[in-house]
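Structure, as structure tokens:
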Amino acid sequence: MKKGDYIVMAFSILLVGVLCFFLYGQKKNEALYVEIIVGNEVVDSLPLNQDTVYSVNGVDLTVKIEDKQVCVMDTGCPDGLCKAAGRISQAGRSIICLPQKVIVRINGTFPVDAVAGGMCP
Amino acid sequence: MKIKTLTLCGILLSTALILSWAERFFSVSLMRAFPGVKLGLANIVVTVCMVYLGFWPAFIVGLLRVFILFLIMGNAVSLAFSLTGCIVSLFVTYFALKLPEKHFSLISVSVLSSLAFNLGQGMVSILFFGSSFLYYLPILCTLSLPCGIVTGIAMNGIRKAWPST
């Protein structure tokens with residue numbers, strides 16, 4: 001191990017750090033949207049970074065967006081599983097209310113490892 | 001090409017093939033956790049070849065190694081990966097060997113060439129898998145540092161034991 005080796009190593013670590021910063025840092029700024037899907041149609045799309053309470057037209061379901069997280073606040077379905085699903089914040093995740101055929105989904109790409117195959121969120 | 005050079009190239013090529021086959025046995029757990037990560041023992045042989053015989057013999061040994069390995073156990077995708085990575089890392093190795101030997105040992109050469117290998121591989125993977133592969137690239141590059149150091153230590157050992165040039 002000579003003096004130059006340490007310089008090369010420090011340089012490589014710096015390079016990897018810059019790479020990490022650019023690849024992992026930039027993607028976080030991507031604006032995420034919450035899609036409300038009733039049946040098979042996207043009825044509305046709300047920005048995730050804006051706190052709102054939104055009641056879905058035609059069905060008895062209220063969605064709340066708070067702190068870049070979304071959850072079902074109120075529902076009229078018999079089992080209430082969508083309410084029990086809690087809050088979601090990552091791209092690609094969804095809350096599904098089966099009795100009322102409503103899907104609340106955050107769009108955007110979920111970071112999957114292409115080699116290992118799809119990782120189901 | 002002298003017969004001695006030719007013979008040495010043949011011996012080095014077969015050593016590289018054996019090493020790249022054998023390294024699967026003791027980096028299995030590493031490969032399972034991070035697909036595509038290899039220790040890169042065959043890189044030792046290619047770099048040693050470049051140190052003692054020059055650029056072109058190393059280029060030929062490196063490319064032939066990739067092709068023969070593909071015939072033995074690879075698939076077309078892994079051929080494209082290794083080929084690009086191999087060519088990029090060969091050029092980087094060539095320039096890294098120009099660094100003054102007084103201050104830089106072969107560890108530097110090895111670290112730089114393994115980084116280059118991964119970056120070259122990364123470029124091809126984007127063609128195959130799309131930009132989502134970019135998320136995996138920093139992991140590969142980070143792991144290439146310890147792997148490069150380990151193979152670099154081995155290269156230094158070989159250069160010490162075989163000083164004839």
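The values are calculated or read from the model by the stated rules, or taken from the named source; none is laboratory data. Everything quoted here is computed from the prediction, not taken from an experiment. In this analysis, Cβ positions are derived from the backbone assuming ideal geometry, glycine residues included, and neighbour counts consider all displayed protein chains. For the accessible areas, the whole protein counts, side chains as well, though only heavy atoms, and no ligand, DNA or RNA atoms are used. Shrake-Rupley method; radii C 1.70, N 1.55, O 1.52, S 1.80 Å.
Kindly check whether there is at least one residue in the stretch A:74-85 that is part of a strand (DSSP E or B) and on the phi < 0 side of the Ramachandran plot. Give the derivation first.
Just the residues of the stretch A:74-85 that are part of a strand (DSSP E or B), to begin with: A:74-75.
Going one step further and asking which of them are on the phi < 0 side of the Ramachandran plot, we end up with A:74-75.
Checking the stretch A:74-85: at least one residue is part of a strand (DSSP E or B) and on the phi < 0 side of the Ramachandran plot.
Anything in the stretch B:75-101 that is in contact with a helix residue (DSSP H, G or I) (Cβ under 9 Å, 6 or more places away or on another chain), of a type outside the set (S, T, N, Q) and at pLDDT below 85? List them, or say none.
Looking only at the stretch B:75-101, we keep the residues that are in contact with a helix residue (DSSP H, G or I) (Cβ under 9 Å, 6 or more places away or on another chain), and these are B:76-97, B:99-100.
Okay, now just the ones that are also of a type outside the set (S, T, N, Q), so B:76-77, B:79-81, B:83, B:85-88, B:90-92, B:94-97, B:99-100.
B:76, B:77, B:79, B:80, B:81, listed by residue number.
List the strands (runs of 3 or more DSSP E) that sit entirely inside the stretch A:1-72 and contain at least 3 residues that are open to solvent by 40 Å² or more (accessible area, probe 1.4 Å).
On the way: elements: A:33-38, A:41-47, A:52-55, A:61-66.
Hits in the stretch A:1-72: A:41-47, A:52-55.
Each row is one residue, and each column tells you yes or no for (1) of a type outside the set (S, T, N, Q); (2) more than 13 Å from residue B:43 (Cα to Cα); (3) over 14 Å from the mean Cα position of the chain (by Cα).
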residue	(1), (2), (3)
B:57	yes, yes, yes
B:66	yes, no, no
B:77	yes, yes, yes
B:81	yes, yes, no
B:88	yes, no, no
B:101	yes, yes, yes
request  = Using the structure shown, decide if residue B:138 is more than 22 Å from residue A:24 (Cβ to Cβ), modelled with pLDDT under 90 and either polar (S, T, N, Q) or touching a helix residue (DSSP H, G or I) at 6+ places or on another chain (Cβ under 9 Å) (or both).
outcome  = no
ask   = Scanning for something in contact with a Ser or Thr (Cβ under 8 Å, 6 or more places away or on another chain), away from chain B (no Cβ under 14 Å) and of a type in the set (A, V, I, L, M), does the stretch A:12-21 turn up at least one residue?
value = no
ask   = Residues in the stretch A:68-82 that are modelled with pLDDT of 85 or more, closer than 19 Å to residue A:51 by Cβ and of a type outside the set (A, V, I, L, M): how many?
value = 3
request  = Output the residue which, of all residues in the stretch B:129-165 that are more than 8 Å from chain A (Cβ to nearest Cβ) and over 24 Å from residue B:49 (Cβ atoms), is least open to solvent (accessible area, probe 1.4 Å).
outcome  = B:140
query = Which one of these is open to solvent by less than 50 Å² (accessible area, probe 1.4 Å) and of a type outside the set (Asp, Glu): B:48, B:28, B:77?
reply = B:48
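At least 2 residues that are of a type in the set (Phe, Trp, Tyr) in each: list the helices (runs of 4 or more DSSP H) lying fully within the stretch B:1-109 that qualify. I'd like the intermediate steps shown before the answer.
Numbers: elements: B:3-26, B:28-33, B:42-53, B:55-73, B:76-96.
Per the criteria, B:3-26, B:55-73, B:76-96.
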